[in-house]
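Inspection log for the structure reproduced underneath, given as structure tokens.
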Amino acid sequence: MRRISLVVPVYNEQESVELFYRTAARLLEAEPYEAEFLFVDDGSSDATMDILRRLHESDPRVRAVSLSRNFGKEYALTAGLRYASGDAVIPMDADLQDPPELLAVFLRHWERGADMVVGVRENRDADGRVKRWCAALFYKLFRRMTHNMVEDNAGDFRLMSRRVVDELLRLPESVRFNKGLYGWVGFPRVVVPYTRPERAAGRSKWPGWKLWNFAIDGITSFSTLPLRLWSYLGGLIALAGFAYAVLIFVRTFIYGVDVPGYASLMVVVLTLGGLILLSLGIIGEYLGRVFEEVKKRPLFIVRETVGLDGAGSRRAGEGNGERPGREGDFPRDAA
Ligand code: UDP
Ligand code: MG
């Protein structure tokens, strides 16, 4: 029997995990697949892990990987992809904002041979106006910069076949921006629109500032356009400066020297100074990424696993997020 893995990153989700599990388990009852509910605890400080342990006692299909601290959703998800053993893997949020009712639709597309089925949020009324507007702007920019590699308004909620997951796991970068990576690995995709409901319980873990940084990570890991922009701007300013120099030269030649010019000098100095600082900042942004990559740290560290040392899961001791790619293919489970 083929296996499907639901990969659910959870960070302080004591109000939602059980509800999520019950809803998803009920919906998967009718499906002819062996299901795996793989939760990745992203360093929660509440009762999330206790609930997961209890759920595992009553249903061994519930498994959990607990990270040593809060690594962030992208890393929790990467850990989940690494531990998932399914022939199809579906990342989902624990708060039921990725409606489990769509699982059946995803699976039907998968049966027809789709390697990637993407849930696209058609309606984001559940998000505030500012968040919606920023998201729209981000997707527009990001799509343009990456030549339409990603879908508009698609999150992590999607179905990926085993070969897509294996390709994703081979990507060696340390700064993970999964949305972009999904696009980068390619494969034809089927799009399933849905309406994003409100959070079922608990609070969102993504304040505005975190989202802003997330957007910068996304753009700088997939495009060097911001760097190139500065060459053009620098060229333009140099040209303008040259033209101005010629003008001054001619004017001095004809009218002689005059002292006033403090205002225009200040304007030029300040604008140029500002532009130089800004461009240095952007170069720093990329340099910082190079720094992150050369450190070659593991992507995450596992504190404990629940229900993952038996058959069908990865061997114990292979847990930590050591970066694949260099030594060849990532060793998949021995099952
Ligand atoms: N999450 C996580 N680590 C974090 C933040 C969030 O694993 O540092 C999980 C969270 O538990 C949830 C999912 O990522 O299952 C989506 O988070 P949330 O619902 O807070 O984001 P939003 O839907 O508001 O964008
Ligand atoms: Mg949510």
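What the table below lists for this structure:
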{"read-out": "Subset of the stretch 177-219 [modelled with pLDDT of 85 or more, in a loop (DSSP other than H, G, I, E, B) and within 15 Å of ligand 1 (Cβ to nearest atom)]", "value": "177"}
{"read-out": "Check on residue 247, more than 30 Å from residue 73 (Cβ to Cβ) and exposed (fewer than 13 other Cβ atoms within 10 Å of the Cβ)", "value": "yes"}
{"read-out": "Search result, residues across the stretch 172-229 that are small (Gly, Ala, Ser), more than 16 Å from ligand 2 (Cβ to nearest atom) and touching a residue at least 24 places away in the same chain (Cβ under 8 Å)", "value": "174, 180, 183, 215, 218, 221, 223"}
{"read-out": "Checklist (1) touching a Gly at 6+ places or on another chain (Cβ under 8 Å); (2) within 14 Å of ligand 1 (Cβ to nearest atom) applied to residue 132, failing item", "value": "(1)"}
{"read-out": "Single match in 141, 77 (criterion: surrounded by fewer than 20 Cβ atoms within 10 Å (Cβ to Cβ) and in contact (Cβ under 8 Å) with a residue 60 or more places away in the chain)", "value": "141"}
{"read-out": "Output for the stretch 1-13, where each listed residue is of a type outside the set (D, E, K, R), at pLDDT 90 or above and surrounded by fewer than 21 Cβ atoms within 10 Å (Cβ to Cβ)", "value": "12"}
{"read-out": "Of residues in the stretch 85-103 being more than 13 Å from residue 200 (Cα to Cα) and in contact with a helix residue (DSSP H, G or I) (Cβ under 7 Å, 6 or more places away or on another chain), the one nearest to ligand 2 (Cβ to nearest atom)", "value": "91"}
{"read-out": "Unmet requirement for residue 174, which otherwise passes all of (1) within 16 Å of ligand 1 (Cβ to nearest atom); (2) part of a loop (DSSP other than H, G, I, E, B)", "value": "(1)"}
{"read-out": "The stretch 33-62 - residue that is touching a Ser or Thr at 6+ places or on another chain (Cβ under 7 Å) and in a strand (DSSP E or B) and, of those, nearest to residue 14 (Cα to Cα)", "value": "41"}
{"read-out": "Subset of the stretch 251-277 (residues that are under 17 Å from residue 232 (Cα atoms) and not in a helix (DSSP H, G or I))", "value": "none"}
{"read-out": "Every residue from the stretch 64-103 that is under 20 Å from residue 162 (Cβ atoms), part of a loop (DSSP other than H, G, I, E, B) and within 10 Å of ligand 1 (Cβ to nearest atom)", "value": "92"}
{"read-out": "Residue ID - nearest to residue 192 (Cα to Cα), chosen from residues in the stretch 104-133 that are within 16 Å of ligand 2 (Cβ to nearest atom) and in a helix (DSSP H, G or I)", "value": "132"}
{"read-out": "Meets criteria (surrounded by 12 or more Cβ atoms within 10 Å (Cβ to Cβ) and within 16 Å of ligand 1 (Cβ to nearest atom)) for residue 233", "value": "no"}
{"read-out": "Flag for residue 50 being farther than 26 Å from residue 166 by Cα, out of contact with any helix residue (DSSP H, G or I) (no Cβ under 6 Å at 6 or more places or on another chain) and within 13 Å of ligand 1 (Cβ to nearest atom)", "value": "no"}
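The values are calculated or read from the model by the stated rules, or taken from the named source; none is laboratory data. For clarity, every value in this text was computed on a predicted model and none was experimentally measured. We place every Cβ from the backbone using ideal geometry, glycine too, and count neighbours over all the protein chains shown.
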